[in-house]
1. Within the group B:15, B:4, B:19, which residue is in contact (Cβ under 8 Å) with a residue 40 or more places away in the chain, under 30 Å from residue A:54 (Cα atoms) and not acidic (Asp, Glu)?
2. Please specify each residue of the range A:281-299 satisfying the condition of being β-branched (Val, Ile, Thr) and either closer than 17 Å to residue B:52 by Cβ or surrounded by 19 or more Cβ atoms within 10 Å (Cβ to Cβ) (or both).
3. For the range A:81-94, indicate whether the set of residues that are part of a helix (DSSP H, G or I) and under 17 Å from residue A:182 (Cα atoms) is non-empty.
4. What pairs can you find where one residue is in the range A:138-152 and touching a residue at least 40 places away in the same chain (Cβ under 8 Å) and polar (S, T, N, Q), the other is open to solvent by less than 80 Å² (accessible area, probe 1.4 Å) and part of a helix (DSSP H, G or I), and their Cβ atoms are less than 7 Å apart, with a gap of 6+ or different chains?
5. What number of residues in the range B:24-74 are surrounded by fewer than 17 Cβ atoms within 10 Å (Cβ to Cβ), within 13 Å of chain A (Cβ to nearest Cβ) and over 22 Å from residue A:287 (Cα atoms)?
6. Could you please let me know if residue A:235 is buried (at least 19 other Cβ atoms within 10 Å of the Cβ) and modelled with pLDDT of 90 or more?
7. Give me the residue from the range A:258-279 that is surrounded by fewer than 18 Cβ atoms within 10 Å (Cβ to Cβ) and either within 14 Å of another protein chain (Cβ to nearest Cβ) or over 29 Å from residue A:54 (Cα atoms) (or both) and, out of that set, farthest from the chain's Cα centre (by Cα).
Amino acid sequence: MPAKKGGLKRIFIVVFFLEVIILIISGGLNRQLQIGFEEGRFFIRNVIHEYNLQEKITEEFQPDRYLQEKGEKAEIYGSEKLYTLFSKIFSVNNAVSAFHLLRILFIVNLAMLGLAWLIRRQIFKRPSKPQVLIEMLYTFFEDFVRDTLGKKNLRFTPYIVTLFLFIWTCNMIGLIPIPGMMEPTRNLNVPLGLGFMAVTLVHITAIKHKGLINWFKGFAEPLAFLAPLNIVGELSKAISISFRLFGNILGGAIIMLVVSSLVKFVMLPIGLNLFFGLFVGTIQAFVFTMLALTYIGVEIAE
Amino acid sequence: MEYIARAAALLGAGICMGIGALGPGVGEGFVAGKACEGIARSPENASLITRTMLVGQAVSESTGIYSLVVALLLIFST
């Protein structure tokens with residue numbers, strides 16, 4: 001079929017020339033063409049577009065501070081009652097960002113529950129395509145768990161797969177081009193919670209495996225007065241894996257915004273999204289799960 | 001006085017990022033070179049070596065990421 005050959009290339013060329021034509025019509029990079037209705041009249045305007053990068057970054061990453069600096073009346077979706085409720089639960093300085101975070105986390109949870117329901121509903125002996133995909137993912141991680149923890153401890157596989165799927169879905173949410181669809185892992189609270197969860201699981205496993213007294217003795221490993229150092233070391237495990245995820249995602253988001261604004265959002269953001277969204281997101285989700293698995297493996301091996 | 005503090009914070013962020021990116025750069029390059037050697041020696045293990053290399057690079061990148069977090073804190077919280 002000749003139409004399908006090189007179809008993607010043709011689409012890219014068409015989109016590129018469309019963007020160039022739009023740029024030429026808007027008369028330079030600092031101007032913006034506005035088309036729309038106002039007071040019942042149709043208009044086409046050519047206005048000077050003021051793009052303030054500092055303001056945009058503040059709006060994107062610190063919405064509460066942006067609202068306070070602008071002096072606008074803070075409200076969530078036009079509802080003041082919701083805002084007062086959120087500013088009572090969280091502090092006034094965190095209300096809007098906490099609402100955004102909870103909203104996106106709700107969407108992620110809904111997506112994962114929907115996926116689970118869809119897969120669960122149609123399990124057959126001749127598996128369908130999504131079932132094969134999920135089974136491939138599961139066996140991939142099951143092999144890792146078998147290599148690291150041994151055949152006896154295969155019960156950790158569901159936790160590992162869930163961790164990977166959750167972090168991966170969180171990182172992929174940023175690819176959806178709707179304003180407000182930010183990665184939940186951009187907020188430090190989410191990776192820190194996941195990290196402390198992993199370390200808690202590690203210690204529960206250690207207590208089950210070695211017994212309570214031996215676990216206490218493990219803190220005074222070489223010498224008794226080094227116990228504070230060991231405790232700080234355990235805490236730093238959680239902090240190191242969570243800050244790695246958080247820094248990668250947040251840094252990627254800021255670099256995407258800054259570089260995209262330098263090229264006036266023409267074409268380049270697609271490539272940036274491919275690298276910082278898809279590639280780094282997948283790698284970091286994988287690294288997080290692998291490190292959690294390794295921490296569990298260290299406690300079991302002794 | 002506020003301007004001096006702001007300028008010092010921005011300068012600190014630049015220096016932090018510049019020095020903090022040295023270590024991960026050297027480390028990741030070292031890992032990639034070793035992986036090239038490994039693939040040249042046994043091309044049939046190329047996919048396994050590439051996967052291990054990517055995970056190792058992502059782990060050795062973390063010191064650079066910590067300096068990025070410190071730089072962001074310096075820029076946005078002062």
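The values are calculated or read from the model by the stated rules, or taken from the named source; none is laboratory data. Predicted model only: the values in this text are computed from it and were never measured. Using ideal geometry, Cβ is built from the backbone for each residue, glycine included, and neighbour counts are taken over all protein chains shown. The accessibility values were calculated without ligands, DNA or RNA, using every heavy atom of the protein model including side chains. Shrake-Rupley method; radii C 1.70, N 1.55, O 1.52, S 1.80 Å.
1. Going through B:15, B:4, B:19 in turn, just one is in contact (Cβ under 8 Å) with a residue 40 or more places away in the chain, under 30 Å from residue A:54 (Cα atoms) and not acidic (Asp, Glu): B:19.
2. A:282, A:283, A:287, A:289, A:294, A:296
3. Yes, the range A:81-94 contains at least one residue that is part of a helix (DSSP H, G or I) and under 17 Å from residue A:182 (Cα atoms).
4. Every condition considered, the pairs that remain are A:148/A:293; A:148/A:294; A:148/A:297.
5. 1
6. For residue A:235, the condition - buried (at least 19 other Cβ atoms within 10 Å of the Cβ) and modelled with pLDDT of 90 or more - is not met.
7. Once the filter is applied, the top-ranked residue is A:258.
Every residue, every condition in (1) under 30 Å from residue A:130 (Cβ atoms); (2) aromatic (Phe, Trp, Tyr); (3) open to solvent by 50 Å² or more (accessible area, probe 1.4 Å); (4) not assigned by TED's automatic domain parsing to the domain that holds residue A:179, yes or no:
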site: A:77; (1), (2), (3), (4): no, yes, yes, yes
site: A:92; (1), (2), (3), (4): no, no, yes, yes
site: A:97; (1), (2), (3), (4): no, no, no, yes
site: A:106; (1), (2), (3), (4): yes, yes, yes, yes
